[in-house]
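Heads up, the thing below is written out as structure tokens.
Derivation of every value follows stated rules applied to the coordinates shown; laboratory data play no part. Predicted, not measured: the structure shown is a model, and the values here were computed from it. Quick reminder, even Gly has a Cβ in these numbers, built from the backbone with ideal geometry, and neighbours come from all protein chains shown.
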Amino acid sequence: MLLPNILLTGTPGVGKTTLGKELASRSGLKYINVGDLAKEGQLYDGYDEEYECPMLDEDRVVDELDNQMTEGGVIVDYHGCDFFPERWFHVVFVLRTNTSELYKRLETRGYNEKKLKDNIECEIFQVLYEEATASYKEEIVHQLPSNNPAELENNIDFILKWIEQWVQVHNS
Ligand code: DAT
């Protein structure tokens, strides 16, 4: 059976992981968190002194995932998308969260002032939405609000329906 690949993107803290894991358990698709994958495989290339974090080796991440992506049925979670091959994804969801709510979530994570400010600005200036529309056909890029549990439920329902339709169209 043909299954779609879904990209969940957006500023850190908008709820990609929460949504991705729930979607995977309800749809049977496989969930992949690119940050965790890189950590497990040490897919890094250098260290970012300013942000005090290792830098992703994008080419190795792509190589690592390519076979699975070609097979289909994968939900990918990452706060970036311009280095993934365009052919990988059938749909892209950019989660969006209001500034005050996002601030609370990131503060809980213990982010320092600079990291907090940069991530809030990233959301205000819709950096990830613009990256997504620059990297994929606009008609496959959708923004979803992700401020509260009701919106999370709506997003799950919406994406499950989208998957069901895609599967019907591509397997008949
Ligand atoms: P991300 O993977 O985008 O970094 P996350 O899934 O780890 O985000 O979520 C960050 C925090 O926000 C976490 O404590 C769960 C919470 N959260 C996620 N989606 C939410 C929603 N729709 N409503 C309320 N809280 C949410």
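Could you derive backbone 3J(HN,Hα) for the range 80-88 from the dihedral phi with the Karplus parameters 6.51, -1.76 and 1.60 (θ = phi - 60°), listing whole Hz in sequence and x where the residue is Gly or Pro?
The phi angles translate into x, 7, 6, 9, 7, x, 4, 5, 4 Hz.
If r is the Cβ-Cβ distance from Trp166 to Tyr51 and R0 is 25 Å, what FRET efficiency results, to the nearest 0.05?
Calculated value: 0.10.
Order the peptides 146-159, 79-92, 42-55 from the highest to the lowest mean number of other Cβ atoms within 10 Å of their residues.
By packing density, highest mean first, the sequence is 79-92, 146-159, 42-55.
Total Lys pairs in the chain closer than 19 Å by alpha-carbon, pairs eight or more apart in sequence or interchain only?
13
With θ taken as phi - 60° and the coefficients 6.51, -1.76 and 1.60, list the Karplus ³J(HN,Hα) couplings across the range 91-106 in order, rounded to whole Hz; mark glycine and proline as x.
Running phi through 6.51 cos²θ - 1.76 cosθ + 1.60 with θ = phi - 60° gives 7, 10, 10, 9, 7, 10, 10, 4, 4, 5, 5, 5, 4, 4, 5, 6 Hz.
Set the Förster radius R0 to 30 Å, insert the Cβ-Cβ distance between Glu153 and Gln68 as r into 1/(1 + (r/R0)^6), and round the FRET efficiency to 0.05.
0.60
Expressed as an acute angle from 0 to 90° and rounded to the nearest 10, what is the orientation of the C-alpha long axis of helix 149-170 relative to the principal long axis of the chain?
Roughly 40 degrees, rounded to the nearest 10.
Rounded, prolate or oblate: which one fits the range 6-167, using the alpha carbon gyration tensor with axes a ≥ b ≥ c (rounded when a/c is under 1.5, else prolate when a/b beats b/c, else oblate)?
It is oblate, given that a/c is not under 1.5 and a/b is not larger than b/c.
If each DSSP helix of 4+ residues adds -39,500 (n - 2.57) and the sum is divided by the residues in the chain, what number results at 222 nm, nearest 500 deg cm²/dmol?
-16000 deg cm²/dmol
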